[in-house]
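So the structure is just underneath, and the comments pick up after that.
Just so it is clear, none of the values below were taken in a lab; they were calculated from the coordinates. Everything quoted here is computed from the prediction, not taken from an experiment. Positions of Cβ are generated from backbone atoms using ideal geometry, with glycine treated the same way; all protein chains shown enter the neighbour counts.
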Amino acid sequence: MIHQINALRSWKCVHPAVEVILFGLSEGAAEVASKLDLVYIPEIDTNEFGTPLMSAMFERVQKCGRFDLQAYLNCDIILLDDFLPAVKRVRLKHFLLAGQRWDLDLNETLDFNSDWVGYLRRLIKERGKHHPPAGSDYFLYPRGLWSDLPPFAVGRVGWDNWMIYRCLVDQVSVIDASPVITVVHQEHAAYTHSKRLRPNGPWVGPESDRNTELAGAGGRITLFNANLLLTPDILRPKLSLRYCAESLIILPILNPRYQWLSPLILILRLAVWIVDDRIPLQVILNKIMRYVLNRKKPTGRS
């Protein structure tokens, strides 16, 4: 509960008028919501395992939220004082804003009457780890952006990648705010990425398998594929050579008409792997063999 309280208090610090909506029947949730003056919605649609559904949460917030600018955050994510200034700089009508997080071992209740922002920034500098763009823990978007969301399970893989994919397919601008927004993910013993494949963890099992199936090819899209970058100076298109290469790589995913480019894209993928990671030749050959074998697997019963 320490991590959730830290996160919720930080959200309340974003602006005096901010509305925080808390979902679920977790132990102590009602008491925390009352103490912090949150909107509490205990009843929400779940799957057969009792896990809340993203689609139900987004639909509920779009209907009952007071503001037209809305955000989703995981409940172990701390926002700092650079969140609102960055958000105010976005003037687009339709967009999705997300960013990378900082992973930080934090198992203490923060004192929000002190310089807690400065304290966290020092900890980030000392031992924080910038998480790769494969997963996103917060999204900011205008009301009405989402409709007919698949029934993704909360806290399982794939849904965040699909959100970015859906926006790119619909030609909605996706903004990477990593350079200007600092968010802290509180690492703790019960839920760390080093143990992501532990038995019964949130990253394995039938719920994650279903999320992966629902995401489809969209599960391969990440924050790196965002087409706009919010910098300290301007909001600008991404123009790096790596981004251009990745844009070509995901083209058949965003538009099936370009499936004929797949052989060329395989070569491009290899080039990106070699340049970025300096992968040994044996590893590259193994990847090629796996790709070829997967393409030759029968799709139906014999």
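A few remarks follow.
- Separation of the range 225-265 and the range 109-135, taken as the distance between their Cα centroids, equals 31 angstrom.
- Charge dipole of the range 111-177 (Cα centre as origin; +1 on each Lys and Arg Cβ, -1 on each Asp and Glu Cβ, all else neutral): 200 debye, rounded to the nearest 20.
- If you plug the beta carbon distance of D68 and L123 into 1/(1 + (r/R0)^6) with R0 = 35 Å, you get a FRET efficiency near 0.50.
- Entries of K63/K238; K12/K88; K35/K129; K63/K93 with Cα pairs more than 24 Å apart: K63/K238; K35/K129
- Charging the Cβ of each Asp and Glu at -1 and of each Lys and Arg at +1, and nothing else, the dipole of the range 46-230 about its Cα centre rounds to 380 debye.
- Of all DSSP beta bridges in the range 46-230, antiparallel share, percent nearest 5: 60 percent
- Of S114, F95, L149, farthest towards positive along the dipole that unit charges on Lys, Arg, Asp, Glu beta carbons give the range 80-150: F95
- Taking amide H as placed 1.01 Å from N in the peptide plane, the amide H of L229 sits under 5 Å from that of D176, R236, K238, each at least 5 places away or on another chain.
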